[in-house]
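Below is one structure; the comments refer to it alone.
The values are calculated or read from the model by the stated rules, or taken from the named source; none is laboratory data. Owing to the predicted nature of the structure, the values given are computational and were not obtained by experimental measurement. Cβ coordinates were reconstructed from backbone atoms using ideal geometry, including for glycine residues, and neighbour counts include every protein chain displayed.
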Amino acid sequence: RQGMRSHSVFAIDGKNHKVSGKVSLAEEGENGISADCSSLYDGVWKSARRSWRLTEDGFVLCDSFEGMVPDREYAFNFVTFAYVETDAQRAVLNRSGERVEIVAVHAGRWELEDVAKPKEVYDSPNPGLTRVVFRCMPTDMPVEFRFRPVRSCGRGGEL
């Protein structure tokens, strides 16, 4: 158990979103969907939206904000059992010979956190689990991530 941060969600200023917040979904064209996330935090923005769009070689996840209060730290995170390598804008996940590249289309930084050992007495051990986090200060700019499988031909995925 890793709590909210075991899901591919975003956090603002390191705080969990409101459990009482509601998210409504809407189709975005033929290959996309979006979620209105405006009610997840109080006093942080006028509106917030997460969208997902399938592409020819993967998918795009985009978090966009309107009226974001300045100097708020945004963090997108997820957990994985894959081996993870990062550079300035990319994280490459490798597990059992399968590789996925995640490119952040926003200035920020990737961080890796070993979460194998429980932090709280009520958490369970998760040997080999890593939390991958991308942090930035978005203001009103969208934060976009492009996910795509990396071909095993030896080119295009090395860091």
Discussion item. Name the residue that is modelled with the highest pLDDT, counting only residues in the range 140-159 that are part of a loop (DSSP other than H, G, I, E, B), more than 19 Å from Val84 (Cβ to Cβ) and among the charged types (D, E, K, R).
Written reply: Asp140
Fill in: All strands (runs of 3 or more DSSP E) inside the range 87-139 with 2 or more residues being touching an Asp or Glu at 6+ places or on another chain (Cβ under 8 Å) and closer than 24 Å to Thr55 by Cα
90-95, 130-136
Practice prompt. Among what's in the range 37-50 and is outside any strand (DSSP E or B) and among the small types (Gly, Ala, Ser), pick the residue that is nearest to Asp71 (Cα to Cα).
Written response: Gly43
Discussion item. I'd like to check something: does the range 142-151 contain any residue that is of a type outside the set (D, E, K, R), out of contact with any Asp or Glu (no Cβ under 8 Å at 6 or more places or on another chain) and within 26 Å of Asp42 (Cα to Cα)?
Written reply: yes
Worksheet item: In the range 33-57, which residue that is among the small types (Gly, Ala, Ser) and surrounded by fewer than 16 Cβ atoms within 10 Å (Cβ to Cβ) is nearest to Arg148 (Cα to Cα)?
Response: Ser47
Worksheet entry | Among the residues listed as Val121, Val100, the single one being in contact with a Lys or Arg (Cβ under 8 Å, 6 or more places away or on another chain) and either of a type in the set (Val, Ile, Thr) or touching a residue at least 40 places away in the same chain (Cβ under 8 Å) (or both) | Val100
Item to complete: Any chance you could count how many residues in the range 51-83 are closer than 27 Å to Asn31 by Cβ, over 14 Å from the mean Cα position of the chain (by Cα) and in a strand (DSSP E or B)?
Response: 6
Discussion item. Quick check on this structure: which one of Ala48, Ala26, Ala11, Ala35 is over 15 Å from the mean Cα position of the chain (by Cα) and of a type in the set (A, V, I, L, M, F, W, C)?
Written reply: Ala26
Worksheet item: For the range 12-32, which residues satisfy the criterion of being surrounded by 13 or more Cβ atoms within 10 Å (Cβ to Cβ) and acidic (Asp, Glu)?
Response: Glu28
